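The values are calculated or read from the model by the stated rules, or taken from the named source; none is laboratory data. None of these values were measured; they are calculated from a predicted model. Don't worry about glycine lacking a Cβ; one is built from the backbone with ideal geometry, like all the others, and counts go over all protein chains shown. The accessibility values were calculated without ligands, DNA or RNA, using every heavy atom of the protein model including side chains. Shrake-Rupley method; radii C 1.70, N 1.55, O 1.52, S 1.80 Å.
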Amino acid sequence: MNTTTQKKNYLLPIIMMIALFGMISFVTGLANPMGVIVKNQFTTSNFMSTLGYFANFIAYAFMGYPAGQMLQKIGYKKTALWAIFIGFAGVGIMVLAGESSSFIVYLIGAFVAGFSMCMLNTVVNPMLNTLGGGGNKGNQLIQVGGSFNSLMATIVPVLVGYLIGSNVANANITDAYPALFLAMGIFALAFIVLFFVSIPEPSLSARKQNVKHEHSPFAFRHFVLGAVAIFLYVGIEVGIQMFINPFMTSSVADGGLAYNPTIAGSVVGTYWFLMLIGRLIGASIGGKVSSKTMLTVVSIMGIIFVLAAVFTPIEKMASMPVFQSDISFGIVQIPVSIIFLVLCGLCTSVMWGGIFNLAVEGLGKYTEAASGFFMVMVMGGGVLPAIQGVFADRIGYINSYWVIIIALIFLLYYALIGSKNVNTNIPVTDEN
């Protein structure tokens, strides 16, 4: 009877945590269509239009370690409440950017929102596992949260594309207000629910105090290279889809005829939808296929797809199902190059898990510290697209994907060679 009561009491916080799991990708994903808006509203370069992503992800470099410390010192609930409050403030600042028509204020909002996304990433996974009671139920809740995360990433570019309408040249941050207010509403509701309910907390007193280890994760070559791989991976995931939207809504996409933002957003949404499909496939075969094999295969596939995108003539078209400006579903002719880039979603979907597993394998007591540093390296999602943006300004959208190809080659190297633990002589267990 007690177990039933617990499940009933935890139903609302579980729903809110799953919703926040989705909000991580929703708020982060706003940077894609918002990049199109600010590029037109403030007549910025491609590099400048990526700064929303840069501001969002560079916050991970500042907040990755403190977020882990907060989790240890004040627990899940208080850390989550702070994360929600900061997320509400970050999106609110973006609204103020619309009111003031200020690019700088928009970047500040993206930066503040990035703090929240980092904190939520640190909190949501272990909180869902705890609310589920651990074990299979906890893992199941995490998988549900991850699926909702991918679903929201699929929706946000379509939604904001629809809100922009057909006149991209006059796009304004105020056009995205409904999406921003929706995000703020979910944050507010989640804060109220979590504030008034109790959730289980790991015993803080049971944590080891002032433990000193003779080494660190950086003593392991495969971890150091894995950290670089995570940095590049997040940049790859973001960069591939980041420039699809501005490319399609520009006049170079279709012989001088730009695509409607809803169609372009739908194409980007398809990339995230394929990531959802890829994650479901990866979860189903993960117990049978090694992380090394999986990362090797998807890295090779990614290289092939992006090379095909670069070398396929822009004039070559193919049919693709998309949402149109009236949210009806129809078939539109899309450059084959873009379709190849969208297919990369199947590849990027399982890269994080593969890299993480390979990088922490054999670390033993250093695994926790390694995991915390990985959150810092998520900043690659802001840095690599900014670099790609510089190349897009100089050599064009499609040719800028050489940056992605080089990064994918490193992932392939890591899967085949760099992931091997060559430091097995370092003790990784505490001796009694």
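Of all the criteria given as (1) farther than 25 Å from PHE21 by Cα; (2) in contact with a Phe, Trp or Tyr (Cβ under 8 Å, 6 or more places away or on another chain), the one not satisfied by VAL238 is (1). Selection of region 21-77 for residues being polar (S, T, N, Q) and within 17 Å of PHE247 (Cα to Cα) yields ASN32, ASN40, GLN41, THR43, THR44, SER45, ASN46, SER49, THR50.
Within region 347-357, the set of residues being of a type in the set (Phe, Trp, Tyr) and not in a helix (DSSP H, G or I) is empty. Of all residues in region 32-51, those satisfying the criterion of being assigned to a helix (DSSP H, G or I), over 17 Å from PHE273 (Cβ atoms) and open to solvent by less than 10 Å² (accessible area, probe 1.4 Å) are MET34, GLY35, VAL36, ILE37, VAL38, SER49. Being touching a helix residue (DSSP H, G or I) at 6+ places or on another chain (Cβ under 7 Å) and either open to solvent by 60 Å² or more (accessible area, probe 1.4 Å) or under 21 Å from MET48 (Cβ atoms) (or both) is a property that holds for PHE103. When GLY353 is tested against the conditions (1) of a type outside the set (Val, Ile, Thr); (2) closer than 26 Å to THR293 by Cβ; (3) buried (at least 18 other Cβ atoms within 10 Å of the Cβ); (4) in contact with a Gly (Cβ under 9 Å, 6 or more places away or on another chain), the lone failure is (3). Pairing residues of region 401-414 that are hydroxyl-bearing (Ser, Thr, Tyr) with residues that are open to solvent by 10 Å² or more (accessible area, probe 1.4 Å), at Cβ distances under 7 Å and at least 6 apart in sequence or on separate chains, gives TYR401/VAL310; TYR414/LEU225. Listed by position, the helices (runs of 4 or more DSSP H) inside region 228-346 whose residues that are farther than 30 Å from GLY362 by Cβ and open to solvent by 20 Å² or more (accessible area, probe 1.4 Å) number at least 1 are 261-285, 291-311, 336-343. So, ALA97, is that one buried (at least 21 other Cβ atoms within 10 Å of the Cβ), touching a residue at least 12 places away in the same chain (Cβ under 8 Å) and more than 20 Å from the chain's Cα centre (by Cα) or not? Yes; evaluated as a whole, the condition is true for this residue.
Of the residues screened, PRO385 is one that is out of contact with any strand residue (DSSP E or B) (no Cβ under 9 Å at 6 or more places or on another chain), more than 17 Å from ALA227 (Cβ to Cβ) and open to solvent by less than 20 Å² (accessible area, probe 1.4 Å). If you take the residues of region 249-280 that are more than 21 Å from LEU159 (Cβ to Cβ) and touching a Ser or Thr at 6+ places or on another chain (Cβ under 8 Å), which of them is modelled with the highest pLDDT? The extreme case among them is GLY278. Annotation: VAL332 fulfils all but one of (1) free of Cβ contacts under 8 Å to residues at least 12 places away in the same chain; (2) β-branched (Val, Ile, Thr); (3) farther than 19 Å from VAL403 by Cα; the unmet one is (1).
In region 414-432, the residue that is nearest to ALA229 (Cα to Cα) out of those that are of a type in the set (A, V, I, L, M) and either touching a Cys at 6+ places or on another chain (Cβ under 8 Å) or surrounded by fewer than 11 Cβ atoms within 10 Å (Cβ to Cβ) (or both) is ILE417. Consider LEU411 carefully, then state whether it is among the hydrophobic types (A, V, I, L, M, F, W, C), open to solvent by less than 10 Å² (accessible area, probe 1.4 Å) and under 19 Å from LEU341 (Cα atoms). Yes; evaluated as a whole, the condition is true for this residue.
With respect to the conditions (1) open to solvent by 10 Å² or more (accessible area, probe 1.4 Å); (2) within 23 Å of GLY381 (Cα to Cα); (3) in a helix (DSSP H, G or I); (4) in contact (Cβ under 8 Å) with a residue 40 or more places away in the chain, ASN56 falls short on a single one, namely (1).
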